[in-house]
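Following: one structure in structure tokens, then a few remarks.
Every number in this text was worked out from the coordinates using simple rules, so none of it is lab data. Just so you know, these numbers come straight off a predicted model, no measurement behind them. With ideal geometry, Cβ positions are generated from the backbone for all residues, glycine too; neighbour counts draw on all protein chains shown.
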Amino acid sequence: MADQAKTLPPDVARQVIDPHSYAEWDGLLDTFDRLRLESPVARIEPDDGKLFDPFWLVTRYEDVMRISKDNATFLNNPRPVVFSFRDAIEFSRQATGSDMLVDSLVVFDAPIHPKYRRLTQDWFMPRNLQKMEEEIRAIAHATVDRLVAAGPEVDFVKLVSGPYPLHVVMQILGVPEEDEPRMQMLTQQLFGGQDKDLSGTGLDQMTPEQVVQLVAGAVRTFEDYFAKLAEDRRANPTDDVASVIANAMVDGAPLPARDMAGYYIIVATAGHDTTSASTAGAMMALAQDPEQWARVKADRSLLPGIVEEAIRWTTPVQHFMRTAAEDVELGGQQIKKGDWLMINYVAANHDPAQFENPRKFDAARSPNRHLAFGAGAHQCLGLHLARMEMKILFETLLDRIECIELAGEPKRATSTFVGGLKTLPVRFVAS
Ligand code: HEM
């Protein structure tokens, strides 16, 4: 039997949708702990429906897993995959005929999604990624060279965890280095725009309408940029992923221009701020625990466990949204066809029913079946790349850094979607 739907009190609802609570983190985790026990599938009606549509917040690991794996019942389309303003949805509908400004893998469901996903799936598998290893290692070396030269006291985010994954993604897309700052800014505007220190746009001071206009401008710039890149890769194909997308055929035809642009945009944007956040989190955990640094320096077999735990512990992608394709019961609640749901990965990855002592960074955690990469049909396409990048970077750091410690208070970004550290002051001794 379904329970009577419980709407969360306004202060709790605000906490869930307020980017500042994601910067504070511990208070938010306390709220998720309470909700998981009291109303694991909770109705949220933010702002009396003025700015946002109501949705169900899902906080238990087991429920987030069920939704992620059942993509026939819980659709990515047609409602935006990311929690957004009502106005943003309306604007997008008028501008593009779709609820999203960008149509990409995360927006499609079957039957289109598997056809599009298959195009690059093999490229992102470990066997193919191996051929990137030397290039990635060279980027890691150059990054650590810059760190060592700037030491002994630096902001690790600014010097290492921020630029490194961006260089890697731009390399796999074949975007020249001089265009990287533009790509970084555009990604911030699309993903993390709520933090004024990161977006450089003062987005937090703008009205929802101004925000939507700005993001739409960022999307247009991306589209123009990648249209030129695709043209080049059709004329001069290489073995990079940009060439795979430019020359892809689905049902006997090349991708429509909007879908091709969306494909580039998702690869360009999904791959760096996420990996930056888990990389910074891993370093924070190690800098807080010098003995752990010494242990893994001596025994590199500990590294994969550290990487995996950092990804869980940080959970850079904090949520995605789904829409119910039919009436369904979930966590004791009756969900109606068309209802909007937030699968909150932060809450799921801190569920004590799945992870003992979830707030602790435990490099030996086993099993560690976290949901930071999602699950099911949309599970992160770049998960092997993300792990490989982190492993290579930390191997390089462990070779070159004798010991490292915190040199100040790390700060988290204000963002409801992709979040993590925006500063990590560290002090180190080079080997
Ligand atoms: C999808 C997380 C790195 C490309 C996703 C999803 C999550 C996620 C949660 C959605 C899963 C779902 O809806 O079930 C992360 C995290 C990363 C990371 C935490 C780093 C630690 C990367 C990298 C790339 C990438 C390096 C590629 C360069 C994508 C793409 C999708 C995706 C293309 C859409 C897949 C689809 O809808 O079929 N990622 N990601 N990600 N990710 Fe990642």
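Which residues does a label at LYS131 reach in the stretch 159-174, if reach means a backbone N under 15 Å from a point 7 Å past the Cα toward the Cβ?
Within reach of a label on LYS131, which here means backbone N under 15 Å from a point 7 Å along Cα→Cβ, the stretch 159-174 contributes 172-174.
Which FRET efficiency value, to the nearest 0.05, do you get for ARG427 and ASP251 by plugging their Cβ-Cβ distance into 1/(1 + (r/R0)^6) with R0 = 56 Å?
Working: r = 57 Å, r/R0 = 1.01.
It comes to 0.50.
Per 0.36 nm of contour for each residue apart, how much would the distance between SER366 and VAL12 grow if the chain were fully extended, relative to their Cα-Cα spacing? The partial results should precede the final answer.
Working: separation 354, 0.36 × 354 = 127.44 nm, distance 3.29 nm.
Full extension of this stretch gives 124.2 nm more.
What percent do you get for the relative contact order of the chain when only Cα pairs under 8 Å and 6+ apart count? Each step should come with its number before you reach the end.
Details: 704 pairs, mean separation 116.0, N = 431.
After rounding, I find 27 percent.
Of the options ALA149, ILE265, LEU371, report the single residue whose Cα projects farthest towards the positive end of the charge dipole of the chain (beta-carbon charges: Lys, Arg +1; Asp, Glu -1).
LEU371
May I ask which residue of GLY382, THR314, VAL58 lies farthest towards the positive end of the charge dipole of the chain, with charges of +1 (Lys, Arg) and -1 (Asp, Glu) on Cβ and the Cα centre as origin?
Going by the charge dipole, the pick is GLY382.
When the helices in the chain are scored as -39500 (n - 2.57) per DSSP H run of 4 or longer and the sum is shared across all residues, what 222 nm value do you end up with, to the nearest 500 deg cm²/dmol?
Numbers: 19 runs with 208 residues, N = 431.
One gets -14500 deg cm²/dmol as the mean residue ellipticity at 222 nm.
Suppose we look only past 35 Å in the calculated P(r) of the chain. What percent of the Cα-Cα pairs does that tail hold? Mind showing how you got there, number by number?
Values: 24640 of 92665 pairs.
Of the Cα pairs, 27 percent sit more than 35 Å apart.
Would you kindly give the portion of the calculated P(r) for the stretch 229-289 that falls above 15 Å, as a percent of all Cα pairs? Display every interim value, and only then the final one.
Working: 1120 of 1830 pairs.
Summing the P(r) of the stretch 229-289 above 15 Å gives 61 percent of all pairs.
In a Gaussian network model over the chain where Cα atoms closer than 10 Å are linked, find which of ALA287, ALA270, ALA142 has the largest mean-square fluctuation.
It is ALA142.
With +1 on each Lys and Arg Cβ and -1 on each Asp and Glu Cβ, and nothing else charged, work out how big the dipole of the stretch 257-317 is about its Cα centre, in Debye to the nearest 20.
Using Cβ point charges on Lys, Arg, Asp and Glu, the stretch 257-317 gives about 100 debye.
Sorted by average packing, counted as other Cβ atoms within 10 angstrom per residue and highest first, what order do 27-37, 343-353 take?
Values: 27-37: 16.8, 343-353: 22.3.
Output ranking for 27-37, 343-353: 343-353, 27-37.
Need the C-alpha centroid separation for the stretch 131-156 versus the stretch 12-73, integer Å.
So the two Cα centres are separated by 37 Å.
Might you report the magnitude of the Cβ-based charge dipole of the chain about its Cα centre, with Lys and Arg at +1 and Asp and Glu at -1, to the nearest 20 debye?
Numbers: 45 positive and 62 negative charges, 118 e Å.
For this selection, approximately 560 debye.
State, as an integer percentage, the relative contact order of the stretch 308-352 based on alpha-carbon contacts under 8 Å between residues 6 or more apart. Don't skip to the answer; put the middle values down first.
Details: 52 pairs, mean separation 18.5, N = 45.
So the answer I get is 41 percent.
How big is the stretch 38-184 in terms of Cα radius of gyration and Dmax, in angstroms?
Final numbers for Rg and Dmax: 20.6, 54 Å.
Along the Cα→Cβ direction, 7 angstrom out, place labels at GLU409 and GLN334. What is the inter-label distance in nm?
In this crude label model, GLU409 to GLN334 measures out at 4.8 nm.
Separation between the ASP224 and LYS69 pseudo-spin-labels, each 7 Å from Cα along Cα→Cβ, expressed in nm?
With each label placed 7 Å out from Cα toward Cβ, I get 4.7 nm.
Given points 7 Å out from each Cα along the Cα-Cβ axis, report the ALA294 to ASP122 separation in nanometres with one decimal.
4.9 nm
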